[in-house]
Amino acid sequence: MRSLKCLPPFVLAVSCAALAAATLAGCGSSFDPSFSRRPRFQTSAPLINPKRDPSFLAYAVPETDLHKFPATRSAEFAVHGIDVSKYQGNIDWEQVKDAGVSFAFIKATEGGDRTDSKFAYNWAAAKAAGVPRGAYHFVYWCRQPHEEIANFKSVAPNEPDALPPVLDVEATPTSRSCKRTLYREEVLRDMKAMLEEMERHYGKKPIIYSSVDFYQAILHSNALAEYPIWVRSTKYHPKVRYGDRRWTFWQYRSDGRIPGIVGAVDQNTFNGSADQWRSWLSYQTGLRAAPVAARPVDDRGSKQLIEEDPAMIPQEKDSSGLKPPAAIEGGQTAQDRQG
């Protein structure tokens, strides 16, 4: 669950690849026919201190207090988990459980027709190992909401002991097949439709997963606050980027190491004590929480707390004078990483 985007003042930009004209017509009214190189967010997000912050993403705490809110404060929370997709390869879920992982969110689908190739295995193996797990759907903004959720429902089982379903909302700046200007009103309407259908089908209020730029462009000012939110912030405590918005889960690290998983994995924490986690898990799933393991040590230095959002990543201008899509890790686009 990552996004690499670039956001200029008042119009938060996101770069995608071009489609053939006939294909683009299928994106509906939200496709921007005047787009040349850079689709964008269209937003009314307030910008508190655009001069200091090169990404034009607002800090919700004074700059003088930023040092008080590093992402390493995740260690203050008792309950930790992971989220995974096919990019974690073959996971040994017994080792993951023994390592003290309290929960896992597993990618199921993307858009209207894509399924994560490891979902079926991860879903069954996590349950067999006793790791509470939930499924997430990565939104592809050029498919209709009902197609998106129909795909998710066809793949993610409706099981009483599953965590609430998750709607993963990010822009996809390097998508090869979708360029759409994300207008706030339209996006909130589409999200609402998807969330309502998820809740109707699964009988649980779904969780919204959001990156920093998407939140500040689309979900600011308590939009869709009736739904719990899972926030991404790998440099700062959520207070810095999400202000007073109450969050349920926080993705604080993308380069975590967990026994049973080869390579890096996203790490997350639950916003509450061990007792609150037991109550929340029981209410949502009927499961009895395992004893909470010792809190993981997060010894990242300040130079390792890199927020993988828009202008946090250095970019060079192309011949047109515009910044190209953000640099990407390991030759993969954000869309590639998602599935």
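Quick rundown of the values:
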quantity: Some residue of the stretch 92-101 being open to solvent by less than 20 Å² (accessible area, probe 1.4 Å) and in contact with a strand residue (DSSP E or B) (Cβ under 6 Å, 6 or more places away or on another chain); calculated: yes
quantity: Residue, surrounded by the fewest Cβ atoms within 10 Å (Cβ to Cβ), within the stretch 211-232, restricted to residues that are without any contact (Cβ under 8 Å) to a residue 60 or more places away in the chain and of a type in the set (F, W, Y); calculated: Y227
quantity: Among residues of the stretch 121-173, those that are in contact with a Ser or Thr (Cβ under 9 Å, 6 or more places away or on another chain), free of Cβ contacts under 8 Å to residues at least 60 places away in the same chain and over 25 Å from T248 (Cα atoms), counted; calculated: 2
quantity: Residue within the stretch 185-204 that is open to solvent by 10 Å² or more (accessible area, probe 1.4 Å) and part of a loop (DSSP other than H, G, I, E, B) present; calculated: yes
quantity: Any hit, the stretch 288-302, residues being surrounded by fewer than 19 Cβ atoms within 10 Å (Cβ to Cβ), charged (D, E, K, R) and within 20 Å of the chain's Cα centre (by Cα); calculated: no
quantity: Test: residue in the stretch 162-171 that is touching a helix residue (DSSP H, G or I) at 6+ places or on another chain (Cβ under 8 Å), in a loop (DSSP other than H, G, I, E, B) and at pLDDT below 95; calculated: yes
quantity: Filter result for R143 (more than 30 Å from A294 (Cβ to Cβ), open to solvent by 50 Å² or more (accessible area, probe 1.4 Å) and assigned to a loop (DSSP other than H, G, I, E, B)); calculated: yes
quantity: Qualifying residue in the stretch 109-122 (condition: open to solvent by 10 Å² or more (accessible area, probe 1.4 Å), part of a strand (DSSP E or B) and either over 18 Å from P228 (Cβ atoms) or among the β-branched types (V, I, T) (or both)); calculated: yes
quantity: Condition broken by A126, with the remaining ones in (1) among the small types (G, A, S); (2) in contact with a helix residue (DSSP H, G or I) (Cβ under 6 Å, 6 or more places away or on another chain); (3) part of a helix (DSSP H, G or I); (4) farther than 21 Å from W280 by Cα satisfied; calculated: (4)
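The values are calculated or read from the model by the stated rules, or taken from the named source; none is laboratory data. Model, not experiment: these values are computed from the prediction. Cβ sites come from the backbone with ideal geometry, for glycine too, and all protein chains shown count toward neighbours. When the accessible area is computed, the model is the full protein with side chains, heavy atoms only, and any ligands, DNA or RNA have been set aside. Shrake-Rupley method; radii C 1.70, N 1.55, O 1.52, S 1.80 Å.
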